Structures are given as C-alpha cells and as structure tokens.
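Okay, so here's the structure we're looking at.
Every number in this text was worked out from the coordinates using simple rules, so none of it is lab data. No experiment lies behind these values; they were computed from the predicted model shown. So basically every Cβ, Gly included, is an ideal-geometry build from the backbone, and we count neighbours across all protein chains shown.
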C-alpha cells in the first residue's frame, strides 16, 4: 500500500485520505444513519459465493433486506436476527465487523460461535490461508488503497485474531461467559446462538460492556433455546403480537419489534431475498431445488426449523404437511369485510386460555359449509372485559350469528363479588354470548379437513386470509403426538391425538366447524356468479396474479 501511495499525486493522496475519513464516519440517528460511511464501504467489499466455481468473489448484492439488516446494526445496542439459512446474515455481520473496526481507535470486537474453529472460520485462520475466514477474506479483497497494512500482514492476521493499525482488534472465541468477561468489548457478535449451550450465561456477562457503550449482535436459526425466549419476551397486543414499535412489513419477508429488554429483533425469512421468494420465477426454481436437501421436503422438521423459522418443532408428523408450502392456495389475501358480510354467513369459534392465549376465529361460511377464515383476535394475558372490547371492535362483530366456544368456560370457577360464576357468565354480562362446543373436536375436525375441506389442497374448500397470521403459524406447526419412546411406538398403534401446544386458533376452528351441519346433496361444480365460492375463487385468482408479479402473500 505504501508503494502504491508513492506513485500518486498530492490530490490523489488527499482523495484517499478523504475517502477513508468518509468511510469511518459512523453516522447519526437524526439521519437514520443514511449518512454513515458504511454504505460507501459496501461498494468496495467482496464476499465469496462458494457455489460459483468461475467467479466466486462478488460485491454484496444491494438487496433491500440486507440494507435493512445493516441499518439495524447501526441503530440498535442489542440486535437479534432470527433468520432462515442461506440469506447472507453471517456475511452482513462480518462486513459490519470489518467496517466497525475502522470507525474509532482501539475497538475491541469479539466474535463468538459454539466451537473455536467455527469462530475462526468466521474471523480468520491466520495469514497462511487469508481466504479461510470471512473477515480475513474481506480485508484481503479490499482495493489496495483501503487495505489496512497490519490487518493483512502476518503479524496482524494470526489464527483467531485480526489487528488493525488504529489498535482495533477482532478476536474469535468459543461459547462461554468467561470468554466474554475476559474482554472489554466494543462489539460482541454471537453466531447461531440457539445452538450455544452457554449463550444465556454469555448474554448476561455481556451486559456490563453494553451498558458501558458497547453493542451486541446476535443471530440464529430457530431452535428451542434461551435465544428463542429472548426474542419473544415482549408485551402483546390484542392479537398476540408485539405491542411496542412493531413493524410487520419492514420489507418483504422481514418483521421487526423491540422486546421488553430493549432488544431490537429482526425476523428475516428467505422470501425477503427476491431470488429465493417462491412467488418469483427465480425463487420458485430455488425453492424446488433447496427442499431436496431435506428428507421429507418442506414438511420436515429440518426445513421448518432452518428455513421457515418455526420455533415449535415438537411432536410427531405435521397434521397438515401441505401448509408448509408458502405457495399453498389455502392462503389467500385479506378479504374486504363489506364483501364478506354480503356473501357469507359470519360465525366464529372461541378457545379460552388462562395462562395460554385465548383465540377468537371469525369465519365466513356458505350454505355448503365451505369457509373463509376472515379474522382472528388473539389475546394473551387479557381480561375477559379487554377481550370483549376487542371482539366488539371487529368490523365483523355486528354480523356474527353465533360463537361456538370451549365447553370448559361453563365451569363455575371464577370468584366474584356476586359469588362463584363461570367465564361464560362473565362474558354474557358484557354482551358476549357463546354456544358450547364439543369437547375433543380437534381430532375429528382434523380428519374432516384432511378428508374433505383440504383433500385436494390445490382446490381448498376452506381458505385462510393473510391477516390471520397466528392461525397460519399454528396450523403449520400443528403436530400429531408421539409415543413416549420408540419401544412403545413399536408395539402400539399411532396415537390419534394432536399435540396440545400452540393450538389455540385450531381449537377455535374445530369447535366452530364441528358444530356445523353436514351439507346435503354434495358440492356443485362451477360456482355460480355472486356465490361465496365464486368470491373465494376470485380471491385465489388475485393471489396467483400477485404471485406472478412477484408479490409474496
């Protein structure tokens, strides 16, 4: 680098000095960090595409979701990324580390992975192989006028450590709180935190550094863990969604919220990448190929955990495996309430929870029993009066003919000033009247949906609107129960029971559909204009139209 500088004119040298100064500017919150030097630095950075054997070194693609992730790194003191695999989040963290080391003298950056070699492979394995270690690759691939002489030298680039001329350093460490306590870190990266057994202890150990002005970035695919509890620790609104600063559509495939502990969370689904969005031409090709790497395809536990960010991989086989496909025709766009109330009978099902969420599912039905799941009201830690208020705020409330409810709410177990009452009585006092459903309706209705409503998932007789996010999530994660051990399973028939976890909307649906009389005379072919089925077909056509234009529902 020094030799290259000698050949430059004074103005060229000054241009490089000015460039480095611009790049090292962190940016300001007033400008939402659009004035950060990170964005100019990105134009010079190279990553490696291991699948491209001809030209693997590439600039980072300017995809919207990647820019949103990097902007979150700038904004948050603690940022957690819950992600699908293969969407370049690790590269985004590596780029941020490389740039962050340049923004001030004596930055101390700690990259923590489950195993030491995993951390080394993200930082560096040393100068003898500078292209093994993502941050090392970035440093060695920069234009000569931006390379840091020490970071690319044998003395500065040693196994697990990169040193910079401004005394900044990046250190790779294995999991554990002691590795965090032993460094006064400016930035801590925790990679695949769900799979670090000691992540909770490390997170607690990192708190003093963060309080002292440091930052922490955490990323992981989904798995039951402390990371899962961390990102889901928030107060919920009446729909069971994060109440504090939630933006569900930061960009396509990305949701964000803040937890009670002020952690900025981004949930990044693979559909955020246009080249992986199944609704696009390239994404459809990728989707077909990617699922072949998983035994059981998209319904497998591996795919659901690693690609669909499904935190509820418990139990046995999925009840509705075809719902794993995001292109399923069962999922349609939001329906206009004014259209629904004219074309359909409006009815609802209700599942009551004390420690678990309660769920009211509103459905439009035609005379044949076909239905549209129109709206859900998902309530966690809400009193019956708060729930009642939410019900009455629904645009469908004046049109609901009947609410079929969890039969347990008729048990007299609520102590009031007027004596012992049932939950159903308390609701009735505020104008909410229920009809008791049948206990144990969940399994018969699952069989009914499999044998009838969703016998052909490409021609569903019941569809779910896109605003019913908890219904979609729960039904995708609904599992059959397994025997307690393989030995028991070997000598017993399969359990015909559904795992009693995250099934609140399904129970509400089951109570409702179980109460409907069976249609007579079968189903007619070719729906007449202005019938409910005609309306549902129009919804499906609109979804296919939007999908062809690259819109992901």
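Cα axis of helix 199-211 to longest principal axis of the chain: angle in degrees, 0 to 90, nearest 10? That works out to roughly 60 degrees.
For semi-axes √(5λ) of the Cα gyration tensor in Å, several values are listed as (1) 51, 25, 23; (2) 45, 27, 24; (3) 42, 24, 24; flag the one computed from this structure. Calculated semi-axes √(5λ) of the Cα gyration tensor in Å: the matching label is (1). Centre-to-centre separation between the Cα atoms of the range 276-308 and those of the range 1-71: 33 Å.
The angle separating the long axis of helix 532-548 from the principal Cα axis of greatest extent in the chain is about 10 degrees.
So in the range 2-272, what percent of DSSP beta bridges are antiparallel if you round to the nearest 5? Kindly include the intermediate steps, with their values, before the conclusion.
Numbers: 16 of 40 bridges.
So the antiparallel bridges in the range 2-272 amount to around 40 percent.
Going by how many other Cβ atoms sit within 10 Å of their own, how do 287, 399, 132, 352 line up, fewest first?
On the way: 287 21, 399 17, 132 13, 352 24.
Exposure proxy ranking, most exposed first: 132, 399, 287, 352.
When peptides 253-259, 217-223 are sorted by average Cβ neighbour count within 10 Å, with the highest value leading, the order is 217-223, 253-259.
Ordered by packing density, taken as the mean number of other Cβ atoms within 10 Å over each peptide's residues, highest first, how do 427-440, 162-175, 401-414, 361-374 rank? It would help to have the intermediate numbers written out before the result.
Details: 427-440: 15.4, 162-175: 21.1, 401-414: 17.4, 361-374: 22.9.
In decreasing order of mean packing, 427-440, 162-175, 401-414, 361-374 become 361-374, 162-175, 401-414, 427-440.
For 5, 93, 88, what ranking results if the residue with the fewest other Cβ atoms within 10 Å of its Cβ goes first?
Numbers: 5 13, 93 26, 88 20.
The fewest-first ordering by Cβ neighbours comes to 5, 88, 93.
Going by C-beta contacts inside 10 Å, put 378, 41 in order with the fewest on the left. Please list the in-between numbers first.
Details: 378 26, 41 23.
Ranking 378, 41 by Cβ neighbours within 10 Å, fewest first, gives 41, 378.
Taking the mean number of other Cβ atoms within 10 Å as a proxy for protection, how do you rank 505-512, 205-212 from highest to lowest? Each step should come with its number before you reach the end.
Working: 505-512: 27.9, 205-212: 15.6.
So the peptides 505-512, 205-212, ranked by packing, come out 505-512, 205-212.
For helix 64-75, what angle does its Cα long axis make with the longest principal axis of the chain, in degrees from 0 to 90 and rounded to 10? Helix 64-75 sits at roughly 70 degrees to that axis.
For the chain, the relative contact order is 12 percent, taking Cα pairs closer than 8 Å that sit 6 or more residues apart in sequence and dividing their mean separation by the residue count.
Just the number, please: percent antiparallel of the DSSP beta bridges in the chain, rounded to the nearest 5. That works out to approximately 50 percent antiparallel.
Roughly how many Å is it from the Cα centre of the range 377-418 to that of the range 130-149, as a whole number? Centre-to-centre distance over Cα atoms comes out at 60 Å.
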